[in-house]
Structures are given as structure tokens and as C-alpha cells.
């Protein structure tokens, strides 16, 4: 570091040349602009010629607005994952624990996983794009995906994403595979350092739309305000967003506020012991104090009134009595098996069997797992547990250990699954060599393996 | 050490500038560094603050106004730099020495150092307000003036930043409370 005398000399020297820096800056700006123009021409041309995405490039990233997931008709599921590097072990690749450049994955009807490709027309073969997935949220009708131009540790399924001005959050219509830019619809900000956080979670799903809330923070103006609660849906081939709530109550002034929505599109705000409901017509009602509102797995919101009578909110946001009441809720990431009208969720070392009678009514049956370990991986029918010298598996539908006993004398260190029925493991053999292996859906074990091509973080079936 | 009473005017006078630097240079460098995390560039940007001040021939009738201007200017320059740059800083031995020297001058104790190191992992906005609040010990009114926002917003920002800081500190079984300032 310089002495103060040296600093003073340098400051005075710089200050005595008032125009130089500005002119240099201007020149640099022009050079930058010209370079950008040239680069843009080159890049746009490259994209246009090479990727077939012509004319959709902005200065920061490729815009995917109104583009399609290529060959979407052949999709059975959509997810996110990454491709392990050449030096990366197969199991760390399959585990999803390590970070990497994550991207959108497509799963075709045969279960084959590929990196998603993007096209201007739904039936085109499309091309891959160099953008990483930073977040993914799956709803029944929509998938929300956040992209980043740099490597990120993805966060699934709920996510926060910024910065605002990058316009990198897209909504995918699960019926058509078309992408719509979400952030470009939000109000513009003039502050370059202002960022916006979009928060989306399983609890924001409604039958024909989804909700999210935005918080912005920045130094240039009042900070940390919740911009509001928003409704999003696709109509007439356009993504539309409507602000449901703009924090006129000032609830977010350092308070611990919770937001969620119900299946009918009513929105709920809980500020400590005070709750509000906003119906689809944006009519806001304050509810009685100290109500414990719960969003159930069926998307309805229930509570018990002062007389302990079960009540819920109807399509208009009105409180009505209900015969069915359930506080059961699971996140999509906890779903381990779907079998007709029965779903199985794994949470806190217990399997929960959910049997649907109709859209609303369901029964919950906890299934104790005969023996569980911290390290596990799930496949379509089994939960594989890893306990040092053994790998064993539990049948999802019963919680019982089955007779699968791989005769491999290894000290297992990790296991993971790839959503195709394969379980990948790492182990150490008796010679203290590292071993990587695979157990297929039939229980066959092999240690001569072809590296798993994809590291799957999260996959959710399309309807 | 220049014992002359500091006057916040005539910054083109080398003696005035040295006296100002004696008292404020490292603090401002520390502040900029808390945003951009590059002490060498922070020193350079600190000088830019004063270059601009001289060019505009500014003067201040009291220290508070000077501080508000200088920190605000430093903040703007730092964020402008952050927005423009995508470079990565190579941590050379020389840079490490500079960082240690700076830290020894502006950070009073081990806990403050720990907080400083930890907050460097947070987002720039958080680092910014935490530095002003807990390293510089500026009041919320002063921070509001520097950041050009209202006091309520400062309070909110501090609340959120401190929460994030504690999340990181808690991983090391540390907790930061106001009393520990």
C-alpha cells in the first residue's frame, strides 16, 4: 500500500488532468460499444447460423422468450442436472451433492435423459444453450426455471433468483413446452444495483395459475420492500402476470411474514398472529387473530375456529365449513413413488402413503421403515440404504427390507440414484482401492460401468 | 502525524489532503474493500473519490457533511466498479500483506476481524451496510445519509444483513449481537 504522501501526490496528479480520464473513459466506452456491436454481430450471426436462434441475443444472455423446448412432444419429465467432468467420479456425478454447471434436462418416454435443447419451432431439433439452471420449480401446468450465465449451485425445488435486470427467469408451459420470460414482465427499475428476488414454492400452486412474491433490495432507493404478491398464467399464447398485493399493509417492515396460495387462487398472508386472505378479485379480508392456517396437500387451506370447528376457504375466499380436514402437506421433492391414485412420500425416515379418493379427499397412512440409515437413494420401487459394509433396500410400499443382498465385499461410502432405476455407489474394496459401481433395477450389481452421463438433481414427470 | 486541525476545504492542498488521508484513507479503503473485495483496487478507488472532490472544488463546513459525501461517493464508485468489472483478483503475497495491514489498522479486535471476514461472503449490499454499521459504528441516521435512503430502510437492511451474517457465523458456532460491537 502507498503512504499517505504518495496517495496525496497521485490524487493531485490525477486531479490536475481533469479531462484525460473522462476522455479515456469516453473513448473506452466507444471502443466498448463498437466492440460490442462487432461482437454482437459475430455472436448473433453465429447463433443465427449455428444455433438457429437468430436475432434473440441481448448483450448479456440469449433470450429464450417465446422459444420451445425442442421435441417437447416426446418429453415424459423435465428436470435439472449436470454432466460430470472427465475426472469426476461416477458416483459424485450421480449424487448431486457436488456443484457443477447445471442445465435443464429432458426425459423422453423411454426414460432417456438428455440435455434440453431449445428451438424456435416446437418440432425442430433445436440446440443447446450455454446457460446454467439456478432454480427449478415444477407445478402441474407450469415449470419455472431460473437461468444464470455463470456456474451456480442450483437450489431445488423452491428458489430465489436475481438479479432483476438479467431477465433470466422463464415459465415453461407444461402442455406446449413454450418458454416465456417472467422477469421482463415485472416493472422496470432504473437502478443498476437493485436486485429483485423472486420466491416461488410448492405452496404457490393453484389450479390454473401459480403465484410468486418479489422482494427487492438495493441501495439506491428504499430497501427490502416486498414488491408484492403476483399471479402468473398463460393466456392466448402470452404469459400474463397480475399484482395481487403490493404490500400496502406495510407488513414486511422487518416482520416475519409468510405467503402462500390455495388451489382456488386465494392468497394468504400471515404476519405473526394476524392473517389476511386476498381472493381472486383482489378483495382483502383480515381474519380472526391467532388462526392457524394450513395449506393441505390437496391445495385447500384449512383452519379450526375458536370452537374447534374445521373450516376452509372456498373459491371466492369465503370461510365455509368443511367435513374434510387435513394438515398433511408434502413438497414435491419428497415424492418417491406414484402408483395410480396412490402416492408415496418420504419424510423424516417415514414413508407416507397417500391415497386419493377424489381431487380433495385423501387418506394418509404412515409406513414405518424397518431399518433406515442416513445415506439413501430412491428408485421406482425401492429405497436403497447404505450402511458401511452393506447396501440393503426397503420396499417402498411396505417399508420392509427385501431379500436383496449384493455379494460384494466393499466398504460403501455413498449411493445415489439416477431416476432411471439405477443406483450408483462408491466403495472401497479389500485392497483399499476405490470402487464405483451400479445396481440396476433388477438388483444386478456391476462394477465395470460406463460412467453415468448425467447427474440428476431433480426430475418431475409431466402430465 | 499531522496535528493541524483538519479543515474540510481546499483539498488541492497537499497538506490538507495528507491530514485527511491520515484519518480517513484506510477507513475508506476498508469500506470500499468490503464491497469489492480487492484491496489494491480499493486504494485506487479511494483516490478517485478525492480526485473527484478536488475537480469539483467542494468544501464542507463540518466533518459530518464531509463524511456523508465521501462515503456516499466511495459507495457509488465501488458499486460502479463492481457492476463494470468481471475480473477475478489474483491473491498475490503483496496483496495479502496489504490486506493484513489494512485490517490491522481498521479492525480493532478478533471478533471484528471475524465479522469482517465473514461479511465478505455476503452480497455487496449487505457488506456495505454491515461495514458502515458495525465496523465504522455509524448511526442509522448517518448511514441513511450516506446511502441516500431513509432510516427505516437502513434499519431493515441492517436487520436482513445481520440475519444473513449470523447464518454464516452460526456455522462456526458464533453469533453476532449488537452488544458485541
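Before moving on, here are some points about what is shown:
- Peptide B:155-168 has a mean shielding of 2, counted as Cβ atoms of other protein chains within 10 Å of each residue's Cβ.
- Take the Cα of residue A:325, step 7 Å toward its Cβ, do the same at residue A:2, and the gap between the two points is 7.3 nm.
- Segments B:68-78, A:295-305, A:281-291 sorted - mean Cβ within 10 Å per residue, highest first: B:68-78, A:295-305, A:281-291
- On the beta carbon distance between residue A:333 and residue B:76, with R0 = 35 Å, the FRET formula returns roughly 0.25.
- Counting neighbouring Cβ atoms within 10 Å and putting the fewest first, the residues A:138, B:81 line up as B:81, A:138.
- Contour minus Cα-Cα distance for residue A:433 and residue A:176 (0.36 nm per residue): 87.6 nm
- Estimated FRET transfer efficiency (residue A:342, residue A:184; beta-carbon r; R0 60 Å; 0.05): 0.90
- Compared with the direct C-alpha span, the chain from residue B:14 to residue B:61 gains 15.0 nm at full extension, assuming 0.36 nm per residue.
- Peptides B:119-128, A:308-317 ordered by packing proxy, namely the average of other Cβ atoms within 10 Å per residue, highest first: B:119-128, A:308-317.
- Neighbour-count ranking [beta-carbon atoms within 10 angstrom, fewest first] of A:235, B:63, B:43, A:10: A:235, B:63, A:10, B:43
- Relative contact order of segment A:307-438, defined on C-alpha pairs under 8 angstrom at six or more residues apart (%): 13 percent
- Given their separation in residues at 0.36 nm each and the Cα-Cα distance between them, residue A:307 and residue A:364 gain 18.0 nm when the chain is fully extended.
- Note: relative contact order over segment A:286-326, using C-alpha pairs below 8 Å and six or more positions apart, is 26 percent.
- As a rough footprinting exposure proxy, the listed residues A:263, A:371 were ranked by other beta carbons within 10 Å of their own, and the order from fewest upward is A:371, A:263.
- Note on residue B:166 and residue A:318: the model spin-label points, each 7 Å out from Cα along the C-beta direction, lie 4.4 nm apart.
- FRET efficiency for the residue B:6 to residue B:112 pair, using the beta carbon distance and R₀ = 25 Å, is estimated at 0.50.
- Inter-label distance, residue A:441 to residue B:23: 7.6 nm, where each label sits 7 Å from its Cα along the C-beta direction.
All of the numbers you see were taken from the coordinates with simple rules; none came from a lab. None of these values were measured; they are calculated from a predicted model. Here Cβ is always computed from backbone atoms with ideal geometry, including for glycine, and neighbour counts include all displayed protein chains.
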